[in-house]
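Each value in this text was obtained by applying a stated rule to the coordinates, not by laboratory testing. From a predicted model like this one, the values you see are computed outputs, not experimental measurements. Here the Cβ is made from the backbone with ideal geometry for all residues, glycine too, and neighbour counts use every protein chain on show.
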Amino acid sequence: MSTLALFDIPSSIPNSPSKPTRKPKAATADKSAVLRAKMLEVHERLCHEYECPIAYFHNLDPMDELISSLLSHRTKNADSGRAWKQLKARFPNWEEALNAPVAEIEEAIAPCTWPEQKAPRVQAVLREIKERRGEFSLDFLAHMSVPDARAWLESITGVGPKTSAATLAFSHLKMRALPVDSHHHRVAQRLGLIPTSLSVGPSHAVLEAMLPADWDAQQVYDNHEILMLHGQRVCHHHSPKCNNCVLLDICPTGQKLTANQIKEP
Ligand code: SF4
């Protein structure tokens, strides 16, 4: 059977209305295998399209990457990049940023979205790290397993799975963690890799579990980058360019959208 044939999953046999039943374990395992195969197909095609391996865009230390990632939430890369540069120029060390009036942080990070919310959050995160570790360094995470390092980061108030994964994957630690941003999440939903009801936070564990266990950090990073790039360049939030998409034949959303275009007079 070709890999693509795997994607034609028959819909599940309807349960008797009077007897709700659980899905048999074998059916669940089959569906997981189909989704993993589909993820690999998507990865292969998009890697070809965007020329993997993708160069790392940062080589910050993990402390800097954590703060940079907090600024990037729901913000265009160019704007969060400007906010980051301004923050570092104004506060060359984190001790100064922690002790500064919050209005100064807010002013420095003004190019990103919601600076009034992010400024106190940045200071709260800095304070918590200083209290727990006695210094502004996260290099100790390199000696932990990825799940333990992520759990440590996510125990900080305001740090979720995207920020923890970004801190480990994008910094000079280059650990094997999969961040999922809104572009990545949207493309995965449209492709049917995850249900439309699954929000970004919980989608991290589901999407990462689909990747082969023997993939290294670069391959996991590539997977995030290519899905994100595809969301930015082709699978736009509004008006995705399905007719130019290399995934159209395996994308249920794209097939529905293009079928509707054909039906229109
Ligand atoms: S076919 Fe359309 S909806 Fe599907 S991934 Fe491509 S651009 Fe997105």
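Below are the figures for this structure:
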quantity: Contour excess over end-to-end distance, with Cα ends at HIS237 and ALA142 and 0.36 nm allotted per residue; calculated: 30.6 nm
quantity: Overall form of the range 53-170 per C-alpha gyration tensor (a/c, 1.5; a/b vs b/c); calculated: oblate
quantity: Net charge dipole size for the range 47-147 [Lys, Arg +1 and Asp, Glu -1 on Cβ; Debye, nearest 20]; calculated: 180 debye
quantity: Packing-based order for 92-98, 65-71, 107-113, 33-39, using average beta carbon neighbours within 10 Å, highest first; calculated: 65-71, 107-113, 33-39, 92-98
quantity: Dipole magnitude of the range 91-173, debye to nearest 20 (Cβ charges: Lys/Arg +1, Asp/Glu -1, about Cα centre); calculated: 300 debye
quantity: Calculated FRET efficiency for the pair ALA209/GLU131, C-beta based, R₀ 45 Å, to 0.05; calculated: 0.85
quantity: Exceeding the 21 Å Cα-Cα cut-off - candidates LYS88/LYS130; LYS38/LYS256; LYS25/LYS256; LYS118/LYS162; LYS38/LYS162; calculated: LYS25/LYS256; LYS38/LYS162
quantity: Contact order normalised by residue count of the chain, Cα under 8 Å, 6+ apart, percent; calculated: 21 percent
quantity: Solitary cysteines of the chain, where the nearest other Cys Cβ is not under 4.7 Å; calculated: CYS112, CYS235, CYS242, CYS245, CYS251
